[in-house]
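Reviewing the structure listed below.
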Amino acid sequence: MPDTPPGVRCVAEVAKAFESPQQFILETLRSQGVEFDAVFVCPHFKSDGCGCRKPRAGLLLPEDPHRRERKRKQLRRRRDKESQRERSRLEAQSRKDAVRAYELVYAALGA
């Protein structure tokens, strides 16, 4: 992965590599009277294309209350399309089976 530091192979390693320097920075700033309410970290790689990596502002934006419902609708539409494809495939197979059965009966009758 070209967008990860040398020797880092997964998100867990990124988090582990991040923690120690981050704590040092927070402690140093705390000793100078600087406190943070929260620390926001994007755990994704550049190749993931997530919305929380810089320059995007996904970590700072409040969660969209409609996001969950949109995701649910997308999943439902995807399942419906897959179900329709499967029904179409099964119907086509049934037609093929019916034609084959008629051919066998026709051949058995000696026609």
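None of the figures in this text is laboratory data; all of them are computed from the coordinates on show. Here the structure is a predicted model, which means the values were calculated and not measured. Note that each Cβ is placed from the backbone with ideal geometry, even for glycine, and that neighbours are counted across all protein chains shown.
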Go through segment 33-101 and name the chymotrypsin sites (Phe, Trp or Tyr not before Pro) that are in a DSSP coil and have 10 or fewer other Cβ atoms within 10 Å of their Cβ. 36, 40
Which whole-Hz ³J(HN,Hα) couplings does segment 24-38 yield from phi under the Karplus relation 6.51 cos²θ - 1.76 cosθ + 1.60, θ = phi - 60°, glycine and proline marked x? 4, 4, 4, 5, 4, 5, 4, 5, 9, x, 9, 10, 10, 6, 7
State to the nearest 20 debye the size of the charge dipole of segment 64-111 about its Cα centre, where the only charges are +1 on K and R beta carbons and -1 on D and E beta carbons. 720
Going by how many other beta carbons lie within 10 Å of each one, how would you line up 109, 26, fewest first? 109, 26
For segment 64-111, what does the convex hull of the Cα positions come to per residue, in cubic angstrom? 28
